[in-house]
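Report on the structure given below.
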Amino acid sequence: MFVPALTMAGVCASYGDRVVLSGIDISLEPGRICGLVGPNGVGKSTFLKAILGLGVGTTGKVLVCGRDFRDLTRNELAKLVSYLPQNFDHRLRLTVHEMVLMGRHPYRKGWAPDSGEDLKISGECMKEIGVWHLRNRLFVELSGGEKRLVMLAAAIAQEPELLLLDEPGSSLDFKHLLEMWKLLERLSGRGIAILVSTHEITVAGRYMDLVLALAGGRVLASGPPTGVFTPETLSEVFGVRLKVWREEETGSWLVVPGDGNG
């Protein structure tokens, strides 16, 4: 029987009495990439945290692979969902390989050492992300973009069914940004569902299967990029007049300011 990787129905997310998001509904199938777009401060990070209950009050239905996230232990949830936050501790004095091995934590028992399987999977992930050559470097010594790639490798080493990414392309140059999205496309081809917040509409738009456009604490529009990436919708979402068109040769979306404010 088909089971969505993520189901959210009537979800509200809040910090204390302050409601940030309300009326969130989504069904994300395995092997699909869904993008969260919207202005700064609209609640994209909160949206991702609400799925895991990370410091966010969550009401409504949230099912991960058909199971209510509240009924799962943290370890059970970690075997289903991997989360790469926008901000993380940049000062950790671990090697790159040790950082990636942290993604294998849900599969360890107690203080057991890294298994041969852990070492194999972490090595494969470093090679796929392109950070194998950094494996013996200290994480704290890397550039911002390199650190983000290492954290992505750790997230993939977790072998999730659902991958949550908060602005994964920040700090990446054009080459690594494009390679990252190609990687996400490969991961989705393996059946992993991906929910990613991003401002990179130009590049990311051609890899998304579904888009949720957030504005005013709710989903203003949802659907395939061709239905959401319109001048009318994006101008309303971002509160500024925008021109939008698709470049036919590459499938990339081009978004530029229009004349004056919306």
Would you be able to tell me the number of residues in region 1-17 that are within 11 Å of residue 217 (Cα to Cα) and among the charged types (D, E, K, R)?
-> 0
Are any residues in region 66-93 outside any helix (DSSP H, G or I), more than 25 Å from residue 184 (Cβ to Cβ) and basic (Lys, Arg), and if so, which ones?
-> 91, 93
Unique residue being buried (at least 18 other Cβ atoms within 10 Å of the Cβ), within 28 Å of residue 256 (Cα to Cα) and in contact with a strand residue (DSSP E or B) (Cβ under 8 Å, 6 or more places away or on another chain) when the list is 165, 152, 172 | 165
Of all residues in region 217-231 being without any contact (Cβ under 8 Å) to a residue 40 or more places away in the chain and small (Gly, Ala, Ser), the one that is nearest to residue 27 (Cα to Cα) | 223
Over region 202-215, the set of residues buried (at least 22 other Cβ atoms within 10 Å of the Cβ) and assigned to a helix (DSSP H, G or I) is 204
Look through region 163-179, keep the residues that are in contact with a helix residue (DSSP H, G or I) (Cβ under 7 Å, 6 or more places away or on another chain) and at pLDDT 95 or above, and return whichever of them is nearest to residue 124 (Cα to Cα).
-> 163
Any chance region 33-44 includes a residue that's at pLDDT 95 or above and more than 18 Å from residue 220 (Cβ to Cβ)?
-> yes
Restricting to region 164-192, what's the tally of residues that are among the hydroxyl-bearing types (Ser, Thr, Tyr) and more than 15 Å from residue 86 (Cα to Cα)?
-> 1
Taking region 241-262, which residues are touching a residue at least 12 places away in the same chain (Cβ under 8 Å) and touching a helix residue (DSSP H, G or I) at 6+ places or on another chain (Cβ under 9 Å)?
-> 241, 242, 243, 244, 246, 252, 253, 254, 255, 258, 262
Meets criteria (closer than 18 Å to residue 160 by Cβ, modelled with pLDDT of 95 or more, surrounded by fewer than 21 Cβ atoms within 10 Å (Cβ to Cβ) and in contact with a Leu (Cβ under 7 Å, 6 or more places away or on another chain)) for residue 12 | no
Name the one entry in 80, 84, 52 that is crowded, with 17+ Cβ neighbours inside 10 Å, assigned by TED's automatic domain parsing to the domain that holds residue 14 and in contact (Cβ under 8 Å) with a residue 40 or more places away in the chain.
-> 52
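The rows are residues; the columns are (1) in a helix (DSSP H, G or I); (2) more than 30 Å from residue 2 (Cβ to Cβ).
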| position | (1), (2) |
| --- | --- |
| 149 | yes, yes |
| 159 | no, no |
| 170 | no, yes |
| 179 | yes, yes |
| 187 | yes, no |
| 249 | no, yes |
Among the residues of region 210-222, is any under 30 Å from residue 131 (Cα atoms) and in contact with a Leu (Cβ under 9 Å, 6 or more places away or on another chain)?
-> yes
Inspect all residues belonging to region 221-239 and state whether any of them is among the β-branched types (Val, Ile, Thr), within 14 Å of the chain's Cα centre (by Cα) and not assigned by TED's automatic domain parsing to the domain that holds residue 83.
-> no
Would you point out the residue of region 94-131, among those that are within 22 Å of the chain's Cα centre (by Cα) and outside any helix (DSSP H, G or I), that is surrounded by the most Cβ atoms within 10 Å (Cβ to Cβ)?
-> 131
Residue selected from region 229-247 under the condition of a type outside the set (Gly, Ala, Ser) and assigned to a helix (DSSP H, G or I), by the criterion surrounded by the fewest Cβ atoms within 10 Å (Cβ to Cβ) | 232
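The values are calculated or read from the model by the stated rules, or taken from the named source; none is laboratory data. Note that the coordinates shown come from a computational prediction; the quantities given were computed from them, not determined experimentally. Note: ideal-geometry Cβ built from the backbone for every residue, glycine included; neighbour counts use all protein chains shown.
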